[in-house]
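Taking it in order: structure first as structure tokens, then the write-up.
The values are calculated or read from the model by the stated rules, or taken from the named source; none is laboratory data. Nothing here was measured: the structure is a model prediction, and the numbers come from that model. Cβ atoms come from the backbone with ideal geometry, glycine included; neighbour counts cover every protein chain shown. Accessible surface areas use protein heavy atoms only, side chains included; no ligands, DNA or RNA. Shrake-Rupley method; radii C 1.70, N 1.55, O 1.52, S 1.80 Å.
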Amino acid sequence: MNADFLWGGAIAANQVEGAWKDDGKGESISDHITAGTKTSPRRFTKEVREGEHYPSHHAIDFYHHYKEDIALFGQMGFQVLRLSIAWTRIFPMGDEEKPNQKGLDFYHAVFAECKKWNIRPLVTLSHYEMPYHLCQAYGGWQNRKVIDFFLRYCRTVFTEYQDEVDLWLTFNEMNTLVSRFGTLLGAGILPEDGADMFGLGRMQTPETKEEMQARFQALHHQFVASAKAVALAHEINPKNRVGCMLSAAGVYPYTCSPDDMLEAQWQMKKSNWFCGDVCIRGAYPYYMERFFEENAIVIVGKTEDADILKKGCVDFFSFSYYTSRCVTRNAEVQKTAGNMMLGVQNPYLKASEWGWIIDPKGLRYLLNAIYDRYQIPVMLVENGLGAVDQLTEDGCIHDDYRIAYLKAHIEQMKEAMKDGVDLIGYTPWGCIDLVSASTGEMKKRYGFIYVDLDNEGKGSGKRIKKDSFYWYQKCIASHGEEL
């Protein structure tokens, strides 16, 4: 890999910072989501309940450990750190006129620490940290007023950090709004009190037309907000580069049946390309018209929206990659092969302990598909293996399984670059152990750095380098040659 390639890691404020009420921070959606496990879902509560464990409230306390943690990233050789600004630290309620100075000061301190270690910040503007007040009072992103509140926040941080940050992402995994998974965390549309976070319980019942309409309307408002943010970033600092960020997975047909081929093609369009097409090409794609018509979805916009989308195209495509999907229209196969991440079991691949299909070659396939379609720089900003790590008696963590996973994916990244893909950076997810977004566990660990906390947030909080820490250090120093 060339010397310009950016090596680093990725974290998110709600999964690392903790300090959920310190220095004027407001409540976010994540602060209202309880812990869960692999078998019991995380739950949303309208009020923060006594006796319930909300992992974001403490997380790994990066808020008070950021100097130590960034120093460890620096020792690994990070050239870039993907992190998010908690919107609720800057505008605690979301609709205030003036920002919270202590929140602004915190990120100045974080970026100063990054600079000390020659680490370039890649900042996500909205990573499941939407102010809870905007969900309660306005209905989340289904309300167009939220665009203006978001733009006020964007203008504030683009101006405040214009000498410290020039790489930005708008919305984390924006395309989760295409499915019911994104209704709460992505769209800020609140379910009933006590509902499971991803709506998995509701998956057994058909989504109402009203629910689907609200979700796609919210997505439209995010498209407009993202495009306006891109234009604003370029206006405030011409050096700014802004990317979209999608959750991407290659989709394979279960068989070579034409029905399965058509299903795989449609799922690629809907799941991977729809949001990318709007953010990169600046317009709604043709193939969504039939879907909207058949589902009685009517996107309510303003006449100027088409022009806004055209003028606010992103500079690069970023995405998360953990797994691929296998799909079929054969109902019998769906029953016997079992559901694996909204698909069926791929007979050629194995799954992680949490049921995620492990598919390094699928990354090469997807990178080629993305670059073939868009021809703009690509960045892989999340990738990793959630696993249970054992601390040995001598205080070590021998995570050969994580090294093997990352090595296999980096090898396929290199193949994709030989294919001609303009891949510009890699920030594996959870470079330090953090709260898992899907289950709320600490037990499901991703990091190169072990954090001594359990699922209840109990422990010393001590940071310990895993074997993968030293492996990744060598990988970066050798530009990806020493794996």
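Quick notes
- A Cβ distance below 6 Å, combined with a sequence gap of six or more or placement on separate chains, defines the contacts here; from the range 446-473, residues that are open to solvent by less than 10 Å² (accessible area, probe 1.4 Å) and modelled with pLDDT of 95 or more reach residues that are in a strand (DSSP E or B) and among the hydroxyl-bearing types (S, T, Y) in the pairs K466/Y450.
- Among the residues of the range 80-110, those identified as free of Cβ contacts under 8 Å to residues at least 60 places away in the same chain and open to solvent by less than 10 Å² (accessible area, probe 1.4 Å) are L104, Y107, V110.
- Scanning the range 22-36 turns up one or more residues that are modelled with pLDDT under 95 and not in a strand (DSSP E or B).
- Pairs with Cβ under 7 Å, 6+ apart, first in the range 25-46 and farther than 16 Å from T183 by Cβ and open to solvent by 30 Å² or more (accessible area, probe 1.4 Å), second among the small types (G, A, S) and assigned to a loop (DSSP other than H, G, I, E, B): A35/G440
- Residue in the range 224-232 that is out of contact with any strand residue (DSSP E or B) (no Cβ under 7 Å at 6 or more places or on another chain) and open to solvent by 20 Å² or more (accessible area, probe 1.4 Å) present: yes
- Taken over the range 248-295, the residue count meeting the criterion of being farther than 19 Å from H221 by Cβ and not charged (D, E, K, R) is 23.
- Annotation: of all residues in the range 111-127 being in a loop (DSSP other than H, G, I, E, B) and open to solvent by 30 Å² or more (accessible area, probe 1.4 Å), the one that is nearest to S56 (Cα to Cα) is W117.
- Residue match in the range 327-341 (condition: open to solvent by less than 30 Å² (accessible area, probe 1.4 Å), over 27 Å from L125 (Cβ atoms) and without any contact (Cβ under 8 Å) to a residue 60 or more places away in the chain): yes
- Scanning the range 62-79 for residues that are buried (at least 22 other Cβ atoms within 10 Å of the Cβ) and either small (G, A, S) or not in a helix (DSSP H, G or I) (or both) yields a single hit, F78.
- Being outside any loop (DSSP other than H, G, I, E, B), open to solvent by less than 30 Å² (accessible area, probe 1.4 Å) and not polar (S, T, N, Q) is a property that holds for V146.
- Number of residues in the range 271-296 that are surrounded by fewer than 18 Cβ atoms within 10 Å (Cβ to Cβ) and within 28 Å of S318 (Cα to Cα): the value is 9.
- Considering the range 369-459, the qualifying strands (runs of 3 or more DSSP E), each wholly inside and each with 1 or more residues that are within 30 Å of G18 (Cα to Cα), under 16 Å from the mean Cα position of the chain (by Cα) and among the aromatic types (F, W, Y), run over 423-426.
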